[in-house]
Amino acid sequence: ARLPVQLARKAHLLDQTPEEWEMGSGPAYRRAVLSRWVFEKRAVSFEEMTSLPLSLRAELSDRYRLRSLRMVRRLQNADGVQKLLWELEEGDAVESVLIPAESDASCGRLTLCLSSQVGCAHRCAFCASGLLGFRRNLSTGEIVEQLLQSEEAVGRRVDNLVFMGMGEPLANWDSLLGSLRLLTAPWGFAMSPRRITVSTSGLVPEIRRLAEEPLSVGLAISLHAASDSLRSRLMPINRKYPLALLLDACEEYSRRKRQRITLEYILLSGVNDSDEDAARLGRIARRLRAKVNLIPYNRVESLPWERPGPVRVNRFESLLQRSGCLVTLRRRKGEEIFAACGQLRLAAAQDSSPPMPADR
C-alpha cells in the first residue's frame, strides 16, 4: 500500500536541476522565479516565496523539501574555526568545517570544508572518518545544503569550497558532479570553479574522468607518503592505485586543466617526517609542479599517531623549500574542537549524553 503523501519521504529540491523540477502546467517563467528564490535569495521554505502563487507553493511543499539537515553541534575555537555537526533524516551524522583566513576571522576570506559521504570505506590509518565504517553516499542536495546552512549559521557568504570533509568525493561521483554543476552554473550558485577544490585519496580512474569534465575545479591529492611501501601501509587505496599510476593521472589533470595540483601531506611523528621522506616528497612535487600543503597531525584519541615537534616540522618544511618546492604549512587550527575529518562525529557517537545544540 502507498504511504499517505504527508508520510512519504519528499524529494530534496536540490537533488534535481531546475529543468527537472515538477511545477505543473503554469507559465515557464515561474521556473526562473523559483530558481532565484533558491539560489540567489537562499529561501529556507516555499512559504516565503511570495512571488509564486499560493497554490504552487503548497504543491511544491507537498512534493519537495528544501532542508533535510539539522545542526546538532556547533563548536568554535579562538581562531574562528567552526565545526558543524549535521544530523541526517535517518539519524546518521556528517560534519562541515568553516575556516576563516588567518588575517581576519571576522571579515576575511571564508572557506567551507564539505563532506560527501557518511563515513568512509577507504580506511586511511590515521583518519577518524572511517572508524565507524561507511554508511552511504550523500545526495547532491545534502552536499549543497551544507553550504546553505553554514552560510545561514554565520550570516555571510562562503568564498571557497573544499571537498575535504568526511568521505571520498570521487567515490560518490554522481552526487559530486551534480553538486559541482549546481554550485558553478550561472543559473545556480554561480561560484567560480577556481574557488572549489576536490580532494581525493587517489582514485585514479575518477581523476582521469574528472580531467575530462569541462569544470576546472582544483584538485588536491591526499598523499601523506612518498613511497609505495609506506603509502600502502597508511592508505590501502595505494595497493590498488600505486604512486606510478597516481602521478600519471595527476600529470594528465594538471595538463588538461592548466592549473597547479595540491599535495596534502599529514606529518606523523617518526612515520613520514624524516629528511629522506622530505627528499622523496620534493621529487614528486617538482615532477608535478605541485604545491605541498603540510599538515601537522591532529591527534585522534583512539589512534596511535602523534604530531612531530615544531623543530621537526620546521625542518621538513625548510627542506622542501630549499629543494625548490612551493610549500604552505597549515597552522594548528581547531584541534580543541575536533576539527580533523570525522572527529566530532566519532566523539558524538562515543558520547552517551545527548548532543548539545549550538555549542560555542
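So here's what we get for this one:
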quantity: Subset tally (residues that are under 24 Å from Leu34 (Cβ atoms), of a type in the set (Gly, Ala, Ser) and open to solvent by 10 Å² or more (accessible area, probe 1.4 Å)) for the stretch 156-184; calculated: 2
quantity: Criterion (within 26 Å of the chain's Cα centre (by Cα) and more than 30 Å from Gly167 (Cβ to Cβ)) met by exactly one of Arg74, Arg67, Arg31, Arg36; calculated: Arg36
quantity: Residue tally, condition open to solvent by less than 30 Å² (accessible area, probe 1.4 Å) and closer than 30 Å to Arg109 by Cα, over the stretch 58-74; calculated: 5
quantity: Options Thr111, Thr50; residue that is among the polar types (S, T, N, Q) and crowded, with 17+ Cβ neighbours inside 10 Å; calculated: Thr111
quantity: The stretch 283-299 - residue that is outside any strand (DSSP E or B) and in contact with a Cys (Cβ under 8 Å, 6 or more places away or on another chain) and, of those, nearest to Arg194 (Cα to Cα); calculated: Ala290
quantity: Among (1) modelled with pLDDT of 95 or more; (2) closer than 24 Å to Val204 by Cα - the single one Val158 does not satisfy; calculated: (2)
quantity: Residues (farther than 20 Å from Asn314 by Cα, at pLDDT below 95 and either among the basic types (Lys, Arg) or open to solvent by 70 Å² or more (accessible area, probe 1.4 Å) (or both)) located in the stretch 283-302; calculated: Glu301, Ser302
quantity: Residue list for the stretch 205-225, restricted to those being of a type in the set (A, V, I, L, M) and either modelled with pLDDT under 95 or open to solvent by 10 Å² or more (accessible area, probe 1.4 Å) (or both); calculated: Leu215
quantity: One residue from Leu85, Leu56, Leu52 being part of a strand (DSSP E or B) and modelled with pLDDT of 95 or more; calculated: Leu85
quantity: Residue that is nearest to Arg299 (Cα to Cα), among those in the stretch 125-138 that are over 13 Å from the mean Cα position of the chain (by Cα) and of a type in the set (Gly, Ala, Ser); calculated: Ala128
quantity: Residue that is surrounded by the fewest Cβ atoms within 10 Å (Cβ to Cβ), among those in the stretch 134-154 that are touching a Lys or Arg at 6+ places or on another chain (Cβ under 9 Å) and not hydrophobic (A, V, I, L, M, F, W, C); calculated: Glu152
quantity: Residue in the stretch 152-164 that is under 21 Å from Leu131 (Cβ atoms), of a type in the set (A, V, I, L, M, F, W, C) and touching a strand residue (DSSP E or B) at 6+ places or on another chain (Cβ under 8 Å) present; calculated: yes
quantity: Matching residues in the stretch 254-282 - criterion: being under 30 Å from Arg195 (Cβ atoms) and either surrounded by fewer than 17 Cβ atoms within 10 Å (Cβ to Cβ) or acidic (Asp, Glu) (or both); calculated: Arg255, Arg256, Arg258, Gln259, Arg260, Glu264
quantity: Considering residues of the stretch 318-329 that are surrounded by 15 or more Cβ atoms within 10 Å (Cβ to Cβ) and over 11 Å from Ala279 (Cα atoms) only, the residue farthest from the chain's Cα centre (by Cα); calculated: Leu326
quantity: Single unsatisfied condition, Asn314 versus (1) surrounded by 16 or more Cβ atoms within 10 Å (Cβ to Cβ); (2) out of contact with any helix residue (DSSP H, G or I) (no Cβ under 7 Å at 6 or more places or on another chain); (3) more than 26 Å from Ile207 (Cα to Cα); calculated: (1)
quantity: Single residue of Arg255, Arg260, Arg283, Arg287 found to be more than 25 Å from the chain's Cα centre (by Cα) and under 23 Å from Pro205 (Cα atoms); calculated: Arg287
quantity: Output for the stretch 26-41, where each listed residue is open to solvent by less than 40 Å² (accessible area, probe 1.4 Å) and either modelled with pLDDT of 95 or more or in contact with a Cys (Cβ under 7 Å, 6 or more places away or on another chain) (or both); calculated: Val33, Leu34, Ser35, Trp37, Val38, Phe39
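The values are calculated or read from the model by the stated rules, or taken from the named source; none is laboratory data. Values in this document were obtained by computation on a predicted structure and should not be read as measured data. Every residue, glycine as well, gets a Cβ built from its backbone with ideal geometry; the counts of neighbours run over all protein chains shown. With ligands, DNA and RNA removed, areas are computed over all heavy atoms of the protein, side chains included. Shrake-Rupley method; radii C 1.70, N 1.55, O 1.52, S 1.80 Å.
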